[in-house]
Amino acid sequence: MMSGHSTPHRPFHRILLNQYLFLLKKYPILTKSITSGILSGLGNILSQIMEQQGKSSNTKSLTFDGPVRFGVFGKAAVFLKLQRPE
């Protein structure tokens, strides 16, 4: 039996959430911008998948130029909006 300090096992999603909340507090604009870009890109990928489900199997595979554009523009849009004084 090992003695010493034992830390309770924290689930991976809790670790990610805590890290995200820390970054959100320390760098709110940058964190929101990156989050927006990632969610925009994922949304584009999901829409491509959903669109392909109704088509025949000989359609082209997923394209990643759209999600990259959505990610970059989503990030830029949030960053610029949050930088603008009200």
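Summarising the label geometry, the points placed 7 Å from Cα in the beta-carbon direction at Leu17 and Arg69 lie 3.6 nm from one another.
Taking the number of Cβ atoms within 10 Å of each Cβ as an exposure proxy, the fewest-first ranking of Ser47, Ser40 is Ser47, Ser40.
Amide hydrogen proximity for Phe64: with H placed 1.01 Å from N in the peptide plane, no residue at 5 or more positions away or on another chain lies under 5 Å.
Quick note: the coordinates plus some simple rules give every number you see, no bench work behind them. What you see is a predicted model, and the numbers here were worked out from it, not measured in a lab. Neighbour counts run over all protein chains shown; Cβ positions are idealised from the backbone, glycine included.
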